[in-house]
Amino acid sequence: MDTVTTSDASIVAIPSALDRLLSSIQETLKLFDEYASTHRPPWAAHARRLRMITEFVEQQHQISADGCELPKTIEQIGRFGALLHAKREQARLTQRELAKLSGLTAQTINNIEKGRTKNIGQQTMLCLRGVPQLDLQTAELEAAMKHGPGYNCHIPDSFDTVGMINDLEGLLNGPGCHIEQTSAYLDHRSAIAYIALTQNPAYVSRFREAYPSKKLAYRIVTEAGQVPFKVVALGPGDGHLEVRFVQHLLGRLQPSEISLVLLDISNPLLTTAHKHAKELLGDRVDTSMVLGNFHDLAKFPQATTLDPKVAGRQKRIYLMMGFTLSNLDHEPRFFSYAFNHCTEGDFLIVDFQKRHCELNASDSEIMRRDPALNCPFPESRAKWLEVPLKAHVPDLISSRFSAELSTAQCPIPHSYMLENIATVKVRGQQEKRFSMLRVKRYDEASLTRSLARFGWHCVESVEFGPEKNTVAMLLVKRALAH
């Protein structure tokens with residue numbers, strides 16, 4: 001018996017032939033239906049048989065087109081884009097080379113890989129599967145459509161961790177400067193030290209255990225009703241605060257339709273947060289990761305776009321927990337542009353540390369009243385912040401840390417900043433100073449008014465923390481376009 005082989009070209013040609021056959025049958029069926037309306041027997045029976053053939057051809061067309069379900073939701077498109085990017089890199093093809101091989105445009109390839117397309121059609125999938133170098137297997141596509149391991153993270157082409165580490169090393173070996181805050185947890189050693197700080201039992205009991213997540217989850221469901229939610233955690237760190245909030249949200253929803261997106265610039269922190277989310281939330285929540293800078297939020301459709309299947313009902317909830325607000329160099333600019341995609345009814349939760357004295361207090365009074373400015377620098381924080389110095393400054397002799405007041409660089413009225421300064425001694429060089437981390441104190445009324453200017457109106461304010469009136473959480477809701 002002869003063995004019949006089928007070439008890739010003939011496989012790709014099958015759907016085109018089915019397309020033509022399906023179109024021809026549908027045209028004939030219209031004629032049968034018209035004739036059967038006046039001449040019922042035997043034409044009505046023939047029309048029924050023809051309709052069965054049509055249904056069969058449509059079914060085979062779907063199977064031949066891609067061998068599995070096509071990406072439909074933004075999460076599925078994002079996972080398929082990550083798969084395509086990995087396959088293209090593995091095949092050592094540029095986007096332009098893949099475009100030439102597949103018959104698609106380089107822009108189409110780029111949009112798919114970055115998740116910037118609303119749908120991926122059958123013909124596009126066929127073109128990609130027709131490129132032998134990609135070797136897109138049905139099992140891999142099915143995993144991308146589900147929650148397959150390895151395809152739950154979106155990494156933009158422009159993201160360059162090695163480049164960022166090299167830049168950091170160059171700065172730390174320079175004359176001294178302002179270091180961007182992400183350097184404090186960019187590499188694995190820094191991230192491990194940060195996690196140890198935030199999971200310290202004393203810190204957990206003073207701050208984390210007091211977070212009013214349950215109350216805010218209840219208030220959100222009361223405001224929005226039983227709707228699907230897309231929860232986007234900006235800079236989630238180890239993810240403990242964000243996951244606890246989602247747990248309380250799950251307890252209020254019947255049925256619970258929640259997707260969770262974790263967006264962080266630190267790869268080790270992001271994977272730690274994702275692991276924690278999967279352990280506690282499991283398959284009840286569709287959890288995905290985006291590796292990037294949340295200052296560029298608008299560049300990540302995985303974090304901003306609603307699921308097309310429930311877009312008319314789904315609401316976004318943005319989380320900025322763990323004093324992430326302090327990471328913003330210019331809060332008004334961030335809130336003015338980063339959330340332009342938000343619509344009426346979306347939510348934002350931010351926590352912040354409150355100022356320790358009256359609005360008209362002088363700098364000397366602030367320094368006297370704020371504990372961080374008149375107490376020894378916390379040893380646990382010093383151990384964390386010195387990690388990048390020890391890792392990237394080969395001739396380091398010593399470093400000491402202090403907190404210094406700054407009021408001129410705070411765009412939110414009546415707020416002030418504490419700069420964590422590292423004074424560094426290096427062999428053969430003069431003493432140098434680096435601003436390693438910024439911590440801000442806000443006046444709640446001024447912060448609330450600033451958020452309202454950009455369309456976010458206060459729903460709930462909750463004070464908590466080790467001392468009364470020192471830490472607060474704001475739940476704000478997007479109002480009509482302003």
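The values are calculated or read from the model by the stated rules, or taken from the named source; none is laboratory data. All figures in this text were calculated on a predicted structure; none of them were measured in a lab. Backbone-built Cβ (ideal geometry, glycine too); neighbour counts: all protein chains shown. Note: accessible area is taken over every heavy atom of the protein model, side chains too, but ligands, DNA and RNA are not part of it. Shrake-Rupley method; radii C 1.70, N 1.55, O 1.52, S 1.80 Å.
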**OP:** List every residue pair whose Cβ atoms sit under 8 Å apart, with the two residues 6 or more apart in sequence or on different chains, where the first one lies in segment 396-412 and is under 17 Å from Asp329 (Cα atoms) and among the hydroxyl-bearing types (Ser, Thr, Tyr) and the second, anywhere, is modelled with pLDDT of 90 or more and open to solvent by 40 Å² or more (accessible area, probe 1.4 Å).
**Re:** Thr407/Asp363
Original post:
So how many residues does segment 307-320 have that are over 18 Å from Trp456 (Cβ atoms) and surrounded by 18 or more Cβ atoms within 10 Å (Cβ to Cβ)?
Top reply: 2
Original post:
Do you know which residues across segment 168-187 are touching a Ser or Thr at 6+ places or on another chain (Cβ under 9 Å), modelled with pLDDT of 90 or more and part of a helix (DSSP H, G or I)?
Top reply: Leu168, Leu171, Leu172
Original post:
Ala99 versus (1) among the small types (Gly, Ala, Ser); (2) at pLDDT 80 or above; (3) in a loop (DSSP other than H, G, I, E, B): which is the lone unmet condition?
Top reply: (3)
Subject >> Filtered residues of segment 411-433 (kept if in contact with a Leu (Cβ under 7 Å, 6 or more places away or on another chain) and either open to solvent by less than 30 Å² (accessible area, probe 1.4 Å) or in a strand (DSSP E or B) (or both)) >> reply: Ile412, Tyr416, Leu418, Asn420, Ala422, Val424, Val426
Original post:
Among the numbered criteria (1) surrounded by fewer than 19 Cβ atoms within 10 Å (Cβ to Cβ); (2) hydroxyl-bearing (Ser, Thr, Tyr); (3) assigned to a helix (DSSP H, G or I), which single criterion is violated by Ser158?
Top reply: (3)
**OP:** Kindly indicate the residue of segment 220-250 that is out of contact with any Gly (no Cβ under 9 Å at 6 or more places or on another chain) and more than 17 Å from Thr287 (Cβ to Cβ) and also least open to solvent (accessible area, probe 1.4 Å) among those meeting that condition.
**Re:** Ile220
Original post:
Residue check: is Arg284 over 13 Å from Lys230 (Cβ atoms), touching a helix residue (DSSP H, G or I) at 6+ places or on another chain (Cβ under 7 Å) and among the charged types (D, E, K, R)?
Top reply: yes
Original post:
Here are some conditions: (1) open to solvent by 60 Å² or more (accessible area, probe 1.4 Å); (2) at pLDDT 90 or above. Glu467 meets all but one. Which one does it not meet?
Top reply: (2)
Original post:
Counting only residues that are part of a loop (DSSP other than H, G, I, E, B) and within 21 Å of Thr73 (Cβ to Cβ), which one in segment 102-117 is most open to solvent (accessible area, probe 1.4 Å)?
Top reply: Arg116
Subject >> Condition broken by Leu134, with the remaining ones in (1) modelled with pLDDT of 90 or more; (2) hydrophobic (A, V, I, L, M, F, W, C); (3) surrounded by 14 or more Cβ atoms within 10 Å (Cβ to Cβ) satisfied >> reply: (1)
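Is it true that Gly312 is of a type in the set (Gly, Ala, Ser) and in contact with a helix residue (DSSP H, G or I) (Cβ under 8 Å, 6 or more places away or on another chain)?
Answer is no for this residue.
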Original post:
Cβ-Cβ below 9 Å, separation at least six or inter-chain, first residue in segment 169-193 and touching a residue at least 24 places away in the same chain (Cβ under 8 Å) and surrounded by fewer than 19 Cβ atoms within 10 Å (Cβ to Cβ), second part of a helix (DSSP H, G or I) and charged (D, E, K, R): which pairs?
Top reply: Arg189/Lys390
Subject >> Unique residue being closer than 25 Å to Asn327 by Cα, of a type in the set (Val, Ile, Thr) and in contact (Cβ under 8 Å) with a residue 12 or more places away in the chain when the list is Val221, Val204, Val232 >> reply: Val232
Original post:
Quick one: is Thr94 touching a residue at least 12 places away in the same chain (Cβ under 8 Å), β-branched (Val, Ile, Thr) and open to solvent by 20 Å² or more (accessible area, probe 1.4 Å)?
Top reply: no
Original post:
Among Val261, Val290, which is under 16 Å from Thr182 (Cβ atoms), open to solvent by less than 20 Å² (accessible area, probe 1.4 Å), among the β-branched types (Val, Ile, Thr) and not in a helix (DSSP H, G or I)?
Top reply: Val290
Original post:
Looking at this structure, is Ala298 part of a helix (DSSP H, G or I), under 30 Å from Thr198 (Cβ atoms) and open to solvent by less than 10 Å² (accessible area, probe 1.4 Å)?
Top reply: no
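Every residue, every condition in (1) in contact (Cβ under 8 Å) with a residue 24 or more places away in the chain; (2) loosely packed, with under 14 Cβ neighbours inside 10 Å; (3) closer than 22 Å to Thr304 by Cα, yes or no:
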site	(1), (2), (3)
Arg79	yes, no, yes
Glu89	no, yes, no
Asn119	yes, yes, yes
Gly130	yes, no, no
Leu141	yes, no, no
